[in-house]
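Comments concern the structure below.
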Amino acid sequence: MEKKSSPLLSKLKKVWNVSAYALGYGTGGGVMQIQSIYYMNFLMFAMHIPYWQVALILGLTKFWDAVIDPVIGVFVDKTNTKLGSCRPWILAAVVPIAVTYFMMWYSFGITDEFGKFAYFFFAQILFSTALSVGTVPYEAILPRMVEGYDERTNFSAFRMIFSGVYAVGATWLYPMIIKTEDLSLFDTQIDNFMLLGIVFGIVFAIPMLVTFIGTKEKIHVSDDEKLSVKNVFKSYSEILKPKLYRKYFAINMLGTFVSNALTVSLLLFFLLNYGGNNDTGSTPLGIGSIALPFALSFLVVNFKGAFEIAFFVPNVIMMKKFNKQFPLKVDLPILFAGLLIFLFVDSSTPFWIALAGLALMGAGSSCLGIVPNTLMPDLVDVDELTFGKRREGKCGGLITLGRQIVQGVAFLVFGFILAAFELSEDKTTAADATPVTLAAVKIMLCVLPILSGVVMFLISRTYNLDAKSHALIKLRIAEKHENIRTEIPENERKIFADITGMKYEDLWIAK
């Protein structure tokens, strides 16, 4: 007779399962935080790579991700092992992530300008590939682990909390290794940056290993379609055919752009408005101008991050009470209020007003990650309803493709803004800021995010998948797989047609 586990043991196993899955997203959160805030400074001030070359390194390598991610998605769907389809790929990414991340922070003695550009460009390519090997199957694994609408919400909420904690934690760990008092002395800390690459490489690889160990795929389905370029393009075009997926894709890309625009421009905004005077070293914070760049980044990142993480809880409550897209309707107006404050802030504005705007920005931007990440697993079921195929890998590949393209565009745009206005370590204070420079930064920080957010808000009002319609989709799919012939009533047919944007007769569920 099989021995039943105690309720406490079952609960502990569930907590471990959720935590192991959620920790995997810490890799993405931590890497993005370091890339956005610190890596550009390393390339410019430690490696002395020109602004425009840094923009190319950080921007163009994201477009490589856009190429490789869909390819990885195809192979994930075709993988069929005892470990599942996704977990073998997650495990395979662990060591390459650690090794290639180290390469990003160490030049192996290369000194000429083109050599450094080429080396760091390809180091980024290698790391991006390693990261994609882990993140694409990570995006695909949740629908294979959990089927319930609300339960998926719990898993996605925890992953965003771990991502936020990892991102904030990275800003604590960085200054423990790198002396941040003077940007002009970065090139004397080559060994420190090498140590940073080793430490962060391990720190960012561990979450993937934990996710592999602590998760289990309940659904084992592999793609047996013949592998060809034609079939790959056909599969991706089919996935994008349902109206709901296109709406999701737009929400995801716009949210990614807003997040990146805020991250890469927020610190510069504070430096140019509250950076003090180079001669006196005075600032509204009482921090010397030399120490300011990283002291201020520490304050800004952690203050915003605290409000962002805190707002995850009310967002989850709203998701369960209404639907998963509902937080966009509440959070985005809060974000707009914060950005409007920044639009009118200048160096004469009291610092507490800027902090108030930062608090609103943190709370309002909480929805930018949690909503798309929570919506994504349910799209696999819409795809199956439409075409009768489970394609978690390809769906994950498309999601990461969109994010990488948008991140690349954001890096390129902001990198060339830096180059165009010739900003340097000597021009990062309010005394050096010109009206044109401040206007350019505000366009990136305020205007573009508000415009993108308005579009997100409007799309969210027409996103028509909720717990009830999702349960209906799952029921009809299960019945069809079990050859239970049920006459689907007209009201359900209309729901399926409205969600997919296709005629009911053309759907797999109707055939």
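The values are calculated or read from the model by the stated rules, or taken from the named source; none is laboratory data. Because the structure is predicted, anything quoted here is derived from the model rather than measured. When we count neighbours, we look across all protein chains shown, and the Cβ atoms used for this are built from the backbone with ideal geometry, even at glycine.
The listed residues are 411, 416, and the only one of them that is crowded, with 23+ Cβ neighbours inside 10 Å and either in a helix (DSSP H, G or I) or at pLDDT below 65 (or both) turns out to be 411. Output the residues belonging to region 95-117 that are within 17 Å of residue 197 (Cα to Cα) and of a type outside the set (A, V, I, L, M). Those that are within 17 Å of residue 197 (Cα to Cα) and of a type outside the set (A, V, I, L, M): 96, 100, 101, 102, 105, 106, 107, 108, 109, 116. Residues in region 217-248 that are closer than 14 Å to residue 71 by Cα, out of contact with any Leu (no Cβ under 7 Å at 6 or more places or on another chain) and touching a residue at least 40 places away in the same chain (Cβ under 8 Å) were compared, and the one that is surrounded by the fewest Cβ atoms within 10 Å (Cβ to Cβ) is 227. Can you tell me which residue within region 143-157, out of those that are out of contact with any Leu (no Cβ under 9 Å at 6 or more places or on another chain), farther than 17 Å from residue 252 by Cα and among the hydrophobic types (A, V, I, L, M, F, W, C), is modelled with the lowest pLDDT? The residue in question is 146.
In summary, residue 83 fulfils each of the numbered conditions (1) under 28 Å from residue 223 (Cα atoms); (2) of a type in the set (A, V, I, L, M, F, W, C); (3) over 22 Å from the mean Cα position of the chain (by Cα); (4) crowded, with 23+ Cβ neighbours inside 10 Å with the single exception of condition (4). Against the test of being crowded, with 24+ Cβ neighbours inside 10 Å, aliphatic (A, V, I, L, M) and modelled with pLDDT of 85 or more, the options 355, 340, 360, 368 yield a single qualifying residue, 368.
Residue-wise test of (1) part of a helix (DSSP H, G or I); (2) at pLDDT below 65; (3) touching a Gly at 6+ places or on another chain (Cβ under 7 Å); (4) under 29 Å from residue 252 (Cα atoms).
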position	(1), (2), (3), (4)
423	no, yes, no, no
429	no, yes, yes, no
444	yes, no, no, yes
451	yes, no, no, yes
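Applying the criterion of at least 1 residues that are in contact with a Phe, Trp or Tyr (Cβ under 6 Å, 6 or more places away or on another chain) and acidic (Asp, Glu) to the helices (runs of 4 or more DSSP H) found wholly in region 138-243 leaves 229-239.
Does region 52-72 contain any residue that is in contact with a Pro (Cβ under 8 Å, 6 or more places away or on another chain) and more than 27 Å from residue 301 (Cβ to Cβ)? Yes, region 52-72 has at least one match.
Here's the yes/no breakdown for (1) modelled with pLDDT of 85 or more; (2) closer than 30 Å to residue 216 by Cβ:
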residue: 1; (1), (2): no, yes
residue: 42; (1), (2): yes, no
residue: 96; (1), (2): yes, yes
residue: 110; (1), (2): yes, no
residue: 115; (1), (2): yes, no
